[in-house]
Amino acid sequence: MQRREFLSLAARAGVAIAPWALIPEAQAQMYTGRILVNIYADGGLDQSSWADPRESDRTLNNYAAAGTPAGVAGSIRFAPMGNNAAFFGAHFRNMLVINGVHSETNDHGAGARAHAVGRLDMGYPNISELFAATYGKGLPMAWLASGGYRTGVGLMAPTPVPDANSFRALSQPNAASATNDFMKQADVSRTQAVRAERMRAMLARGDLLPRQKVAVQEFIDAADSRALLQRVAAATPANFDPFQQAHIALIAAQIGLTTTVQLSTGGFDTHSNHDNGMANALPRLTNLVDYVWQKSAEMGLANRLFVRIFSEFGRTPLNSGNGKDHHEVGTQILMEANAPWGNRVFGQSGPRHQAVKISPTTGREDAAGFVIRPRHIHAALRSYLGIQTTDPRFDLKVPAGELFDFFNPALNTGYATM
């Protein structure tokens, strides 16, 4: 049956058809692929309080002065701070720790950008932007972002994670309340249908300038994505969990509106009273990550998640204020359910977290190797996630001889004897 015949029959039968219901199924298809979750530890997460501990140097950590040893979960060592023991104990099998990552800066803004895009330079796409542009064309909220570096390069704009009321309103933007609409829904639907037909007629014309065609197509794509938003109402719970933004983002991913989520938690800029700051900031981070995994399992999403935990840089030894200052070398953690490359540590830092050269082919310390930098991690991520780009503007400029095979289960650096 042709679209026009269907409309005619529906009209004679007195059935009102909303314009979003007429969108071709291919355009209203929900996203069911891998979900990239970036979790940003805002402020400069101390690697020595995290997954690159030092328990013998009292100038580095107060737990060393107290004689408290580092914890061990599988092949991963962790600092005896916060909720680290429970966190690493629960997730070490699905975790790759990358130590000795040199940010090339100790500036907050530049470091956040470098780890979000892979280069210290300006003009590179956020990895979430690149992921969304690859897998999320036509989705209404392909890149959901809350905190962290959110500047794009024009491939895909980020959508702020909405609050609970805004999220509910997505499915019923014309609803003034549970019982009343701002306008008659029949009038809204008729207007939307006429406008959609007008846009398609414009696109079919041969006299539009290239920029006009782009604008019209974007308008059509935005209108078409309204069909996906109808799923919001059915998936929205009466009450959201305490980690509300993460909960909303996972719901958006579950119903196929989102490909990638960017979350953040702060409190890591501990220039003084470091341990007191970590006592609050570390559990917030580990509880957030743990929530993402537990909730995604409950929602049937866990096997689709790829999670990256990162910060803008690491931190120095203790200063005179019992705090820690900015330090270029830090740690990242990559996670995936049932990952064959899990329970490993790649890269290392020196006794006082100095940069160390690592061989890309063996994963071991090697004077002929290279210091791990954000560009190396992003080159590996682009390949692993299938988001490589041939656009020369976005070339990470990593020579073939510097490509680290982080996801090779046979390569393991471990921890040096300190």
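Figures for the structure shown
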{"item": "4 °C / 1.567 mPa s Stokes-Einstein diffusion coefficient of the chain, Kirkwood radius on C-alpha pairs, µm²/s", "result": "55"}
{"item": "Most mobile listed residue (ALA73, ALA238, ALA246) in the chain, GNM with C-alpha springs under 10 Å", "result": "ALA238"}
{"item": "Simple Cβ-charge dipole of the chain, Lys/Arg +1 and Asp/Glu -1, about Cα centre, in debye nearest 20", "result": "1080"}
{"item": "Rel. contact order, % - alpha carbon contacts under 8 angstrom, at least six apart, the chain", "result": "28"}
{"item": "Whole-Å semi-axes of the range 31-129's equivalent ellipsoid (Cα gyration tensor)", "result": "29, 20, 10"}
{"item": "Proximal lysines to LYS295, defined as alpha-carbon separation beneath 29 angstrom and excluding residues fewer than eight positions away on the same chain", "result": "LYS137"}
{"item": "Net charge of neighbours whose Cβ lies under 15 Å from the Cβ of TYR124, counting Lys and Arg as +1 and Asp and Glu as -1", "result": "+3"}
{"item": "Reachable lysines from LYS397, criterion Cα separation under 25 angstrom, eight or more residues apart if same chain", "result": "LYS357"}
{"item": "From phi via Karplus (6.51, -1.76, 1.60), per-residue ³J(HN,Hα) for the range 330-336 in Hz, x at Gly/Pro", "result": "x, 9, 10, 10, 10, 9, 7"}
{"item": "Candidates ARG352, ARG375, ARG344, ranked by Gaussian network fluctuation over the chain, Cα under 10 Å, top entry", "result": "ARG352"}
{"item": "Karplus-derived 3J(HN,Hα), 6.51/-1.76/1.60, for each residue of the range 313-327, Hz, glycine and proline x", "result": "5, x, 9, 7, x, 4, 9, 5, x, 6, x, 9, 9, 5, 9"}
{"item": "Convex hull of the range 298-408 built on C-alpha atoms - directionally averaged projected area, nm²", "result": "10.0"}
{"item": "Length-normalised contact order for the range 34-188 - Cα pairs under 8 Å, 6+ apart - percent", "result": "13"}
{"item": "GNM result for the chain, Cα springs below 10 Å: residue of LEU208, LEU305, LEU130 fluctuating most strongly", "result": "LEU208"}
{"item": "Contour excess over end-to-end distance, with Cα ends at SER166 and SER75 and 0.36 nm allotted per residue", "result": "28.4 nm"}
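All of the numbers you see were taken from the coordinates with simple rules; none came from a lab. Just so it is clear, the structure is predicted and the values come from calculations on it, not from any experiment. Here Cβ is always computed from backbone atoms with ideal geometry, including for glycine, and neighbour counts include all displayed protein chains.
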